[in-house]
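**Student:** Just dropping this structure here.
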Amino acid sequence: MRGHLFVNPRSGTNGQGPDELVAEARSRSVEVHVLGEGDDVEELARGAEADALGMAGGDGSLARVAGVALARDLPFVCIPFGTRNHFARDLGLDRDDPVAALAAFDGQERRVDVGRVGERVFLNNVSLGIYARLVHTRERHRRRRAVLARARALLLATTHRHESAFTIDGEPVLSRAILVANNAYELDLFNIGARERLDGGLLHVYVTHGVLPGSWEERSGTSFSIDAASHRVRAAIDGEPAIMTTPLTFTIEPGALRVLVPPAPG
């Protein structure tokens, strides 16, 4: 199998550089492209001559290459090389061992669901409201190389207390945060837990209320439409900031993505 791996060296995993990962991938005869400034990973993935596409990066980078793999009907390999690596965790990979995940290029195939907001694929979730604002604030300060970016984002969470007006499938909703998830999460305040499965075939929408919410209102289905009075909203798509025009249409594609995972031990 001709594998092609894209590596985002700026994602980083607790300070680890990509050298060991790149060397191990090449020892497995996997073609490696380390992304440079200005590279469009989706364009590169669309043009790659490969039987499987892999991405070493954070969840946002993973989703972009997974979307190309889906469009090309190629298997996708997830290499956890970001900050949180939620998709890798829920896939059952060791988030602290990206090199071990390379075994997936010679591994077993499984099918998982993908979500879409409009035409854009997401593997984990899309957030609106205060959580999206946190992501935008962190990204803005990261670009400015601010040391206290995380502290400033948390300060925003405690000072930005008003609820925003949305509609979900035409129903008015006031909320500080809405999370649209590809399958069900365990959720707590400011903490996204794990998903038991990635092939349940349902979107789950979580809506929270109040200044310091302790619980989420949940609904599930195969599609949702979310609108906002401003018709332009900040969103975070698999942890990446985005500005989107509403109404937003969310759908799920059950079992659409072919994912390779390392062979089972023994």
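**Student:** Among 115-126, 237-248, what's the highest-first ranking by average C-beta atoms within 10 angstrom per residue?
**Tutor:** 115-126, 237-248
**Student:** Another one. If R0 is 41 Å, what FRET efficiency do you get for Glu119 and His209 from their C-beta distance, rounded to 0.05?
**Tutor:** My answer for the efficiency is 0.85.
**Student:** What's the ranking of 41-48, 69-76 by average number of surrounding C-beta atoms within 10 Å, highest first?
**Tutor:** Going by the mean number of other Cβ atoms within 10 Å, highest first, we get 69-76, 41-48.
**Student:** Next question, about the same structure. Taking the Cα-to-Cβ direction at Ala71 and at Glu20 and moving 7 Å from each Cα, how far apart do the two end points lie in nm?
**Tutor:** 3.5 nm
Values in this text are rule-based calculations from the coordinates and carry no lab data. Keep in mind that what you see is a predicted model, and the values were worked out from it rather than measured. When we count neighbours, we look across all protein chains shown, and the Cβ atoms used for this are built from the backbone with ideal geometry, even at glycine.
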